[in-house]
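Down below is the structure, laid out as structure tokens.
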Ligand SMILES: Cc1cc2nc3c(=O)[nH]c(=O)nc-3n(C[C@H](O)[C@H](O)[C@H](O)COP(=O)(O)OP(=O)(O)OC[C@H]3O[C@@H](n4cnc5c(N)ncnc54)[C@H](O)[C@@H]3O)c2cc1C
């Protein structure tokens with residue numbers, strides 16, 4: 001229970017319409033896209049300005065109340081999971097596009113602006129915002145920055161971190177700092193780079209300066225069907241080895257295709273694996289690469305290739321791909337989205353291991369992923385009404401991560417560590433590395449109030465194993481004072 005006087009302080013900052021304390025309404029904020037973990041917060045506040053965010057954070061710091069930033073709540077690693085007796089700071093009402101500066105290829109936005117809104121605002125001017133998570137219609141720029149989100153087109157264009165030039169940042173004790181800026185290679189430590197991908201654990205981003213890029217002269221989209229995932233993987237390797245960098249290479253297996261077809265009816269072929277290969281750039285270059293890609297697909301055993309003949313056809317191909325997670329609801333009562341990375345060259349091998357695990361556990365696994373980046377998204381399907389099925393699904397998903405680590409990859413490609421994977425961190429990082437990360441975190445948030453229990457393994461979450469992060473282990477370095 002939060003102190004009444006504290007709640008009144010928050011209400012005075014955001015007003016009645018920016019404050020939620022009624023139990024049913026708080027339930028809406030109890031989880032993010034990882035719906036299996038739920039904690040109802042004591043209060044939700046919905047600020048409108050940077051100054052309000054700073055005042056809220058200062059009030060929390062003074063009262064020693066933990067707080068969690070939240071964008072649209074589409075995160076899949078439990079990053080926005082509230083703390084009981086804590087406050088959720090919802091940024092969804094801060095959704096203004098503040099400035100479009102075409103001369104400098106920049107757009108400044110509040111954190112609650114959705115990813116797609118940025119591209120929609122600048123597309124008529126011939127530009128777009130490149131990172132495109134499949135959740136882009138609803139996820140926010142603040143959430144994208146916190147997760148360093150990726151998307152289908154990050155193969156060529158890079159992740160969120162490559163498109164953020166500056167940010168206004170509220171420190172964990174409520175000061176307002178400006179990070180980054182117009183000069184691309186500023187002196188000093190890269191604090192902006194540190195904040196991007198820090199999963200809301202270092203402070204709250206309240207304005208973001210984004211880099212936008214020119215809409216390419218031409219775009220070619222190929223849908224290629226293969227009998228097996230191995231053949232499709234072979235095509236991916238050959239395309240990259242040929243020196244072609246497509247804007248995107250996405251892969252879906254038979255189960256994923258069937259689920260998507262049930263809701264989107266995009267006309268994907270009935271096949272063991274489908275690749276979407278998108279090429280963009282000058283028209284002459286795209287046309288030449290298109291010929292190469294079609295030849296490579298044929299040589300790799302493609303049973304069918306189709307080139308989108310119109311913008312509408314291209315949009316339909318992508319609509320099916322971007323609906324992949326949601327469409328699992330059509331073929332399974334429950335599903336868990338895994339997110340791991342492997343070197344591209346290990347695709348065939350790791351996909352075979354996932355197939356074997358699926359057979360051993362008696363649970364179906366659909367695969368849909370950013371093949372060009374080696375970023376896998378196995379979707380483990382289960383029925384929660386079956387005793388033990390949920391636990392089996394989590395075990396299976398965990399073994400997939402082990403396979404990714406063994407193959408030289410990572411426990412997350414783009415969905416973050418959050419509360420879901422904190423205990424996997426010691427499998428990937430040495431105690432020394434986790435200790436350095438912990439010291440960075442302590443430097444920003446010595447009181448461990450800013451999204452505690454996320455991203456780093458603590459004894460409370462994971463038990464006493466080597467490499468645990470102990471909040472408050474070092475004295476506050478004074479970094480927040482000086483920012
Ligand atoms: C169907 C579906 C498809 C998806 N596809 C992709 C994909 O292709 N690529 C990808 O990368 N992700 C994908 N995701 C995951 C998710 O959409 C992204 O992680 C997204 O960036 C989260 O944004 P959000 O606004 O929903 O953030 P939330 O879920 O609200 O929060 C995510 C994290 O960011 C922190 N945070 C939020 N706002 C701020 C802020 N202003 N300042 C500091 N911290 C903040 C939170 O504390 C939390 O830790 C997908 C999710 C779904 C449900």
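All of 450, 462 fail the test of being at pLDDT below 95 and either more than 21 Å from residue 65 (Cα to Cα) or buried (at least 17 other Cβ atoms within 10 Å of the Cβ) (or both), apart from 462.
Listed here are the residues, each with its yes/no results for (1) within 19 Å of residue 374 (Cα to Cα); (2) modelled with pLDDT of 95 or more; (3) out of contact with any helix residue (DSSP H, G or I) (no Cβ under 9 Å at 6 or more places or on another chain).
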{"position": "271", "(1), (2), (3)": "no, yes, no"}
{"position": "281", "(1), (2), (3)": "no, yes, no"}
{"position": "285", "(1), (2), (3)": "no, yes, yes"}
{"position": "291", "(1), (2), (3)": "no, yes, yes"}
{"position": "297", "(1), (2), (3)": "yes, yes, no"}
{"position": "301", "(1), (2), (3)": "no, yes, no"}
{"position": "314", "(1), (2), (3)": "no, yes, yes"}
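Name the residue that is farthest from the ligand (Cβ to nearest atom), counting only residues in the range 310-331 that are in contact with a strand residue (DSSP E or B) (Cβ under 6 Å, 6 or more places away or on another chain) and farther than 22 Å from residue 415 by Cα. Only one residue tops the list, namely 314. Return a yes/no flag: does the range 461-480 have any residue that is out of contact with any strand residue (DSSP E or B) (no Cβ under 7 Å at 6 or more places or on another chain), in a helix (DSSP H, G or I) and within 30 Å of residue 175 (Cα to Cα). For the range 461-480, residues out of contact with any strand residue (DSSP E or B) (no Cβ under 7 Å at 6 or more places or on another chain), in a helix (DSSP H, G or I) and within 30 Å of residue 175 (Cα to Cα): present. Considering only residues in the range 109-122 that are within 9 Å of the ligand (Cβ to nearest atom) and under 24 Å from residue 320 (Cα atoms), the one that is surrounded by the most Cβ atoms within 10 Å (Cβ to Cβ) turns out to be 115.
Out of 320, 371, 326, I need the residue that is assigned by TED's automatic domain parsing to the domain that holds residue 396 and under 30 Å from residue 78 (Cβ atoms). Which one? Please lay out each step first, then the result.
Details: 320 fails: assigned by TED's automatic domain parsing to the domain that holds residue 396; 326 fails: assigned by TED's automatic domain parsing to the domain that holds residue 396.
Only one candidate qualifies: 371.
Just so you know, in the range 58-80 the residues that are within 12 Å of the ligand (Cβ to nearest atom) and either within 16 Å of residue 3 (Cα to Cα) or not assigned by TED's automatic domain parsing to the domain that holds residue 200 (or both) include one that is surrounded by the most Cβ atoms within 10 Å (Cβ to Cβ), and it is 67. Within the set 309, 315, the sole residue that is in a loop (DSSP other than H, G, I, E, B), without any contact (Cβ under 8 Å) to a residue 24 or more places away in the chain and farther than 22 Å from residue 37 by Cβ turns out to be 309.
For the range 210-228, indicate whether the set of residues that are within 15 Å of the ligand (Cβ to nearest atom) and within 20 Å of the chain's Cα centre (by Cα) is non-empty. Yes; the residues of the range 210-228 include at least one that is within 15 Å of the ligand (Cβ to nearest atom) and within 20 Å of the chain's Cα centre (by Cα). Taking the criterion of being surrounded by 23 or more Cβ atoms within 10 Å (Cβ to Cβ) and away from the ligand (no atom under 12 Å from the Cβ), the only residue of the range 123-153 that qualifies is 129.
The values are calculated or read from the model by the stated rules, or taken from the named source; none is laboratory data. What you are looking at is a predicted structure, and each value in this text was computed from that prediction instead of being measured. FYI the Cβ positions are ideal-geometry reconstructions off the backbone, even for glycines, and counts take in every protein chain you see.
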